[in-house]
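What follows is a short report on a single structure.
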Amino acid sequence: MRYTTPETPTPRWIPQGCLLAAAAAAVLVACAPSTPPTTTASNSASPGRTPQQYTMQDFYANTSYNGASWSSDRKHILVSSNATGIWNVYAIPAAGGAPVPLTQSTTQSIFARAKVKASFEGWAGDDKSFFVSTNERDERYFDLYVRLHRVSPLFNAEKIKVPLMVLQGANDPRVLKVESEEIVAAARKNGVPVEYVIFPDEGHGFVKKENPIRGYSAVIQFLDRYLKGAAE
């Protein structure tokens, strides 16, 4: 589940792909030369050239890698990739070379996971706190922690004053669909405009390539409507 609010030009929680694109743009700007390059006959018309534009489909018609982690011998990097159309786990030699598939699923996506994990374990009986288990203290063991509900968006919905967007995978085992519907209902009760987008064939995060295209396109339209429109 992701919350996007137009209080500032950057959403509070923004999809990973958008962050990577923004970071890449920032690096390109930072690395630009302080003085313009020497103009030659071949590029004299470049300042007036129209930049190449790409569709959202073109942007996502690529191979993605994430979840990089070193092997214990430091000779390989463990990653997840959708190179075959389904996410699988690969080992990339640190010395260079092609990724070596460690799993070869054709139906269910398989992801490489970090050693540190955290899980929501349910609400406490007082309805004011909830339990979280994590192995961040020692990766060999899971500790149980209590978190106060004062940090939960659901119990602070009255503080949401700007338009809200929620993207929800119908099969999400971590953030249940009913939980998203609760905060959507709470925000709408306060008169806040809410756009609620459900992906029937997704879980916790995007797996199928067509869904991020649909989701991020909706985010762009949402920001254009409430940010760009307000600025104009």
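The values are calculated or read from the model by the stated rules, or taken from the named source; none is laboratory data. This structure is a prediction, so every number in the text was calculated from the model and none was measured. All Cβ positions, glycine included, derive from the backbone under ideal geometry; neighbour counts span all protein chains shown. Just so you know, the surface numbers come from the protein's heavy atoms only, side chains and all, with ligands and any DNA or RNA stripped out. Shrake-Rupley method; radii C 1.70, N 1.55, O 1.52, S 1.80 Å.
Some values worked out for this structure:
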quantity: Heavy atoms of Glu121 accessible to a 1.4 Å probe, total area in Å² rounded to 10; calculated: 100 Å²
quantity: Gained length - Ala94 relative to Thr50, 0.36 nm times residue gap less alpha-carbon distance; calculated: 11.8 nm
quantity: Protein-only accessible surface order, largest first, of Met56, Met165 at 1.4 Å; calculated: Met56, Met165
quantity: Residues Tyr60 and Tyr196, FRET efficiency given R0 of 25 Å [Cβ-Cβ distance, rounded to 0.05]; calculated: 0.65
quantity: Cβ crowding within 10 Å averaged over residues, with 201-207, 59-65, 102-108 ranked highest first; calculated: 201-207, 59-65, 102-108
quantity: Under Karplus coefficients 6.51, -1.76 and 1.60, residue-wise ³J(HN,Hα) of segment 92-105 in Hz, glycine/proline x; calculated: 9, x, 5, 7, x, x, 6, x, 9, x, 9, 10, 9, 5
